[in-house]
Amino acid sequence: MKTRDAVIEVENLCVVFGDHVVLDQFSLNLYAGENLVVLGKSGSGKSVLIKCIIGLLRPDAGRIRVLGQNILDLDVHALDQVRAQVGFLFQSNALYDSMTVRENLEFPLRRHWLQVTQKEVDQMVYEVLESVGLEDTTHMMPAELSGGMRKRIALARTLILKPAIILYDEPTTGLDTITALEIIELIKQVQLRYRTSALVISHDMKLAQTAAERIAVLIDGKCYATGTYAELKASTDPNLRAYFD
Amino acid sequence: MLRPKKNLLLSEIGDFTRFVVRFFREAVRPRYEMQELIHQCFVIGYKSFSLVGLTAFIMGLVLTMQLRPSMVHYGVEAEIPAMVGIAIIREIGPVITALIFAGKIGSSIGAELGSMRVTEQIDAMEVSGTNPFKYLVVTRTLAATFMLPVLVVLADGIALYGSFLGVNIYEVLNFRLFYTQVIDNLAYYDVLPAFAKTFFFGFAVGIVGCYKGYYSTKGTEGVGRSANSAVVMSSVLIFILDLLAVQITELIWHTR
């Protein structure tokens, strides 16, 4: 892949919490149209990385370019415009408890696109719910949904703005095996249907094996290795073998 | 290496002061979240009314029944409406209503925002093109500031009606006469400072609830702690503000 195709460029990212170095000169690119899975142990800094990319955390050093914009230099308004093109699926789904499914889906739409009509909203809500196979849940509250359904609705909420990039934070964590496989399949379908680029943070090897075109392994705050599943699995490096054995 | 212990109280005061300054900065800058502000006024005001009304009624009734034996002893039972009126309007109505409000609304805001924080809903709001501080903190604090005075006025009226019924348990007193006695014995410096301080009480309840919830940590345990400490801190602040209000009122009007 050529550098000019990169939709996310992370260069020499450093994040330090107190005495603990979370990310240490971390560099990684996400290319247009690819599914990249970042593997790492719990507490290795995967979620910190993804939150730095979307601008929820500010790194201590380094550079992050998203869709050609250096997000660390942007003002709030410009950052919101970049965020409108980047979907974020939170580990906890982050559905608004006090809102119905429909209101949850409408929320980002109405906040980012102020001129949208009710008819367009109705159409978009139906379209994304149909994408995740939950057309009949519009009037339900998040508390009434199962874990898998919540994950699907959260994904629908990220899709409603038709983002160019989707960031997934541990999308299969806390789900049973069958539901996790359904979510993995959904991630692949979404990429094909919406032609998005995806950065998936996970420690789920099944997800990495089935959904990733490329895998980056995060060890000791650095991007330790990148490659396809087959390439990394064939490695004799003991640090990588710990993941693939 | 030994490090100096962080002074937690000073640190908390500093963080809270920064939070209050940020509130004023965000409140005056557009975009204004009017729809959410109106919604919060309904949630905070209307839904607190039944609890505030009930406690105000009992407060007026009980105050009158407790006061009556002493007043009868000194032969001044005719002054009960005047005495209860001044006590309720100047002090008991605003303070008791504010404390009930802190218990209901302060804890509710603390728990709601705390829960939103630990389940990443506040982060989700931020990536959805919304300033969560403006949307959650400014609206709730303003709604609490505007709604508590309304509730206090209603509570004062209900408490006085409770007092009227309390008087009528022992003797027959005309409703109009009761209210005339109350109103005739009230001066503007009884009403105005008491009304003005309720804005500050409402602000204290709103901002403390938001502060505790917004910076909630440590999962569900943290949410419970946020709700609890929101009530404790806002109740203490209500008493401190009340003390200041009384001193300022006496300084201006020399009401002693």
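Quick notes
- Answer from B:GLY157, B:GLY162 - the residue that is in contact with a Gly (Cβ under 8 Å, 6 or more places away or on another chain), small (Gly, Ala, Ser) and under 15 Å from B:ILE88 (Cα atoms): B:GLY162
- Matching option when the condition is within 22 Å of B:THR17 (Cα to Cα), at pLDDT below 85 and either open to solvent by less than 20 Å² (accessible area, probe 1.4 Å) or assigned to a loop (DSSP other than H, G, I, E, B) (or both), among B:THR255, B:THR198, B:THR217: B:THR217
- Filter pass, B:GLY106 being away from chain A (no Cβ under 11 Å), surrounded by 20 or more Cβ atoms within 10 Å (Cβ to Cβ) and more than 30 Å from B:ARG90 (Cα to Cα): no
- Sole residue being of a type in the set (A, V, I, L, M, F, W, C), surrounded by 15 or more Cβ atoms within 10 Å (Cβ to Cβ), free of Cβ contacts under 8 Å to residues at least 40 places away in the same chain and closer than 15 Å to B:SER163 by Cα, chosen from B:LEU67, B:LEU54, B:LEU63: B:LEU67
- Taking helices (runs of 4 or more DSSP H) as the structural unit, those lying wholly within segment A:82-169 and holding at least 3 residues that are more than 25 Å from A:VAL48 (Cα to Cα) and more than 14 Å from every other protein chain (Cβ to nearest Cβ) correspond to A:118-131.
- Take the conditions (1) in contact with a Leu (Cβ under 6 Å, 6 or more places away or on another chain); (2) free of Cβ contacts under 8 Å to residues at least 40 places away in the same chain; B:ARG176 misses just one of them, which is (1).
- Scanning segment A:167-176 finds no residues that are of a type in the set (Gly, Ala, Ser) and at negative phi.
- Test: residue in segment B:41-53 that is modelled with pLDDT of 95 or more, under 19 Å from the mean Cα position of the chain (by Cα) and among the polar types (S, T, N, Q): no
- Restricting segment A:17-39 to residues that are out of contact with any Leu (no Cβ under 9 Å at 6 or more places or on another chain) and assigned to a strand (DSSP E or B), the residue that is surrounded by the most Cβ atoms within 10 Å (Cβ to Cβ) is A:TYR31.
- The residues of segment B:119-140 that are touching a residue at least 24 places away in the same chain (Cβ under 8 Å) and within 8 Å of chain A (Cβ to nearest Cβ) amount to a single one, B:ASN131.
- If the condition is being in a helix (DSSP H, G or I), farther than 18 Å from B:VAL208 by Cα and open to solvent by 30 Å² or more (accessible area, probe 1.4 Å), then segment B:19-51 contributes B:VAL28, B:MET34, B:GLN35, B:ILE38, B:HIS39, B:PHE42, B:TYR46, B:LYS47, B:PHE49, B:SER50, B:LEU51.
- Count of segment A:205-242 residues which are among the hydroxyl-bearing types (Ser, Thr, Tyr), open to solvent by less than 80 Å² (accessible area, probe 1.4 Å) and within 21 Å of the chain's Cα centre (by Cα): 4
- Of all residues in segment A:47-81 being at the interface with chain B (Cβ under 9 Å from one of its Cβ atoms) and more than 15 Å from the chain's Cα centre (by Cα), the one that is surrounded by the most Cβ atoms within 10 Å (Cβ to Cβ): A:ASP80
- Condition met for A:ASP169 (touching a helix residue (DSSP H, G or I) at 6+ places or on another chain (Cβ under 6 Å) and acidic (Asp, Glu)): yes
- Flag for A:GLU127 being closer than 30 Å to A:SER98 by Cβ, open to solvent by 40 Å² or more (accessible area, probe 1.4 Å) and among the acidic types (Asp, Glu): yes
- Taken over segment B:76-134, the residue count meeting the criterion of being closer than 23 Å to B:VAL246 by Cβ and among the hydroxyl-bearing types (Ser, Thr, Tyr) is 1.
- Failed item in (1) over 13 Å from the mean Cα position of the chain (by Cα); (2) surrounded by 23 or more Cβ atoms within 10 Å (Cβ to Cβ), with A:SER202 passing the rest: (1)
- Taken across segment A:185-194, residues that are closer than 29 Å to A:ASN12 by Cα, open to solvent by 40 Å² or more (accessible area, probe 1.4 Å), in contact (Cβ under 8 Å) with a residue 60 or more places away in the chain and not assigned by TED's automatic domain parsing to the domain that holds A:TYR96 do not occur at all.
- Here B:ILE89 fits the description: more than 14 Å from chain A (Cβ to nearest Cβ) and surrounded by 22 or more Cβ atoms within 10 Å (Cβ to Cβ).
- Any hit, segment B:204-213, residues being within 14 Å of chain A (Cβ to nearest Cβ) and either closer than 22 Å to A:ASN93 by Cα or part of a helix (DSSP H, G or I) (or both): yes
The values are calculated or read from the model by the stated rules, or taken from the named source; none is laboratory data. These numbers come from a predicted model, not from an experiment. Here the Cβ is made from the backbone with ideal geometry for all residues, glycine too, and neighbour counts use every protein chain on show. Ligands, DNA and RNA are stripped out before the accessible areas are found, and what is left, the full protein with its side chains, is counted by its heavy atoms. Shrake-Rupley method; radii C 1.70, N 1.55, O 1.52, S 1.80 Å.
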